[in-house]
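Following: one structure in structure tokens, then a few remarks.
Values quoted throughout were computed directly from the atomic coordinates according to the rules given, and no laboratory measurement underlies them. Worth saying up front: this structure is predicted, and the values here are computed from it rather than measured. With ideal geometry, Cβ positions are generated from the backbone for all residues, glycine too; neighbour counts draw on all protein chains shown.
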Amino acid sequence: MARLLDTHIFIALVEERFEDLPAAIRQEVESSNHDLYLSVASLWEISIKWRLGKLPLKSGIYDLPNAAKRAGITLLAINEHHALADVDPEPPTRDPFDRILLAQCLVENMKLITIDTALIDHPLSATASRP
């Protein structure tokens, strides 16, 4: 099954902080059994935080799409099916970026790779039901 990277996982990859992630997350990302995707919503989230000065990045934001491609990660656009998806169970977060990532996972039959405590136990999380 394909995997969608949560924004912070992608940032860890491109900022060379991958080794700081939990072993289970690194294993999910490194598994050759999964195609990896990054939502354009994550690029938008990164762009907003970077422009507000809340997210310093070594190389800025403009190379992020190419960095994803170099890492073998496919960009996933947002479409009307994602925007209208009814994610069940309702995620325990009001963050619209988290919500669209879960909707994309539902519609595209993916699992979300995340360490976000609001999402980690959601059935659409790749790490749900893990200790």
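Students often forget the sequence filter, so: which aspartates and glutamates lie under 13 Å Cα-Cα from Lys58 once same-chain residues fewer than 8 apart are removed? Cα-Cα hits under 13 Å: Glu15, Glu16. Full extension of the chain between Thr117 and Ser32 gives 28.0 nm of extra length, using 0.36 nm per residue less the Cα-Cα distance.
Please sort 71-79, 6-14, 53-61 by packing, taking for each peptide the average over its residues of neighbouring beta carbons within 10 angstrom, highest first.
6-14, 71-79, 53-61
Give me the dipole magnitude in Debye, nearest 20, for the chain about the Cα centre, with unit charges on the beta carbon: positive for Lys and Arg, negative for Asp and Glu.
Charge dipole, the chain, about its Cα centre: 380 debye, nearest 20.
Residue exposure proxy: Arg51, Arg3, Arg99, ordered by other Cβ atoms within 10 angstrom of their Cβ from fewest to most, comes out as Arg51, Arg99, Arg3.
Positive end of the dipole of region 22-131 (Cβ unit charges, origin at the Cα centre): among Ala83, Leu57, Leu43, the Cα lying farthest that way belongs to Leu57.
State which helices in the chain qualify, where a helix is a whole DSSP H run, it must extend 24 Å or more along its own axis by its Cα atoms, and its mean Kyte-Doolittle hydropathy must be at least -1.0. Qualifying helices: none.
Note on region 39-131: Rg/Rh from C-alpha atoms, Kirkwood Rh, equals 0.98. Of the GluC sites (Glu not before Pro) found in region 7-56, the ones in coil according to DSSP and having at most 11 other Cβ atoms within 10 Å of their Cβ are Glu16. Can you give the FRET efficiency for Ser59 and Asp95, using 1/(1 + (r/R0)^6), R0 = 30 Å, r = Cβ-Cβ distance, to the nearest 0.05? Working from the Cβ atoms, E equals 0.75. Between amide H atoms placed 1.01 Å from N, distances below 5 Å from Ala85 occur with no residue 5 or more places distant or on a separate chain. For the chain, relative contact order (Cα pairs under 8 Å, six or more residues apart, normalised by length) works out to 31 percent.
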